[in-house]
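Below you'll find the structure, written out as structure tokens, and then a few comments.
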Amino acid sequence: MPTPDESPLPATTGSSESTEDAAVEHRDAAAGSDVPATRRRRLLTILVGLTAVVLVLDQATKAWALTSLDGARREVLGDWLGLQLVFNPGAALSIATGMTWVLTLVAIGVVVVVARAARRIGSTMWAVALGLLLGGALGNLVDRLFRSPGVARGHVIDFIAYADWFVGNVADIAIVVAAGLIVLTVLRGVRIDGTRETEDSGEAGATPAAAPTGGASDA
């Protein structure tokens, strides 16, 4: 007969990666998140990848504008679209001119909020929207932090002139598209974690039907 010392050790199954996934999913379950770790990693890759693409494209086009454009407007599509170098101390449409440091704090706040929200990501639409939003916010934040006239007071480089309305940049385009996607996603009732508003109401309506009712079985 085997002695206690000879009892077999439990076999280890799965790779270190599966062990890590299980640990992450256990932690997420404890935090109230139902998004599988593998899906969240895939969505975070989309979010981070879009952020990097927007940031690099924004800064590259701004560098090109600084070397190739000046204050004179160059027509691209007649009066509707043109190229014109502008140093913007305010927000879009030149709003809040002279309050650059406030806009810097707002941009930092947006980055922090998006980074925190990304921890609960479970929807592809939200991943795309937040990636575009974060990339656009970082693109303009880089200008405010590191361009003239000084840290947190830098002017944003704008060069895409829309008719006679305003002049923007690639970061602005990403932010506007992100805002549209967020509105659309919210209207569809999709939360950041991928669940839908209708799911709660459906579950609430199903609860009374599932509850046991009194009758002969209780006798």
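Key figures
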{"read-out": "Pairs, first open to solvent by less than 30 Å² (accessible area, probe 1.4 Å) in region 103-119, second of a type in the set (Val, Ile, Thr), C-beta under 8 Å, six or more apart", "value": "117/192"}
{"read-out": "Search result, residues across region 120-146 that are without any contact (Cβ under 8 Å) to a residue 40 or more places away in the chain and touching a His at 6+ places or on another chain (Cβ under 9 Å)", "value": "none"}
{"read-out": "Selected residue (criterion: farthest from residue 64 (Cα to Cα)) from residues of region 163-172 that are in a strand (DSSP E or B) and either without any contact (Cβ under 8 Å) to a residue 40 or more places away in the chain or open to solvent by 10 Å² or more (accessible area, probe 1.4 Å) (or both)", "value": "166"}
{"read-out": "Single match in 72, 65, 60 (criterion: open to solvent by less than 40 Å² (accessible area, probe 1.4 Å) and at pLDDT 90 or above)", "value": "65"}
{"read-out": "Residue check, residue 17 among the charged types (D, E, K, R), within 30 Å of residue 160 (Cβ to Cβ) and either modelled with pLDDT of 90 or more or out of contact with any strand residue (DSSP E or B) (no Cβ under 7 Å at 6 or more places or on another chain) (or both)", "value": "no"}
{"read-out": "Region 124-162: number of residues that are assigned to a loop (DSSP other than H, G, I, E, B), open to solvent by 20 Å² or more (accessible area, probe 1.4 Å) and not basic (Lys, Arg)", "value": "5"}
{"read-out": "Subset of region 101-143 (residues that are modelled with pLDDT under 90 and not hydrophobic (A, V, I, L, M, F, W, C))", "value": "104, 119"}
{"read-out": "Leading residue by the ranking (farthest from residue 88 (Cα to Cα)) among those in region 173-189 that are surrounded by 14 or more Cβ atoms within 10 Å (Cβ to Cβ) and touching a helix residue (DSSP H, G or I) at 6+ places or on another chain (Cβ under 6 Å)", "value": "185"}
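The values are calculated or read from the model by the stated rules, or taken from the named source; none is laboratory data. All of these numbers come straight from a predicted model, not from anything done at the bench. Please note: Cβ atoms are built from the backbone with ideal geometry, for glycine as well, and neighbour counts cover all protein chains shown. Quick note on the areas: whole protein, heavy atoms, side chains included, nothing else; ligands and nucleic acids left out. Shrake-Rupley method; radii C 1.70, N 1.55, O 1.52, S 1.80 Å.
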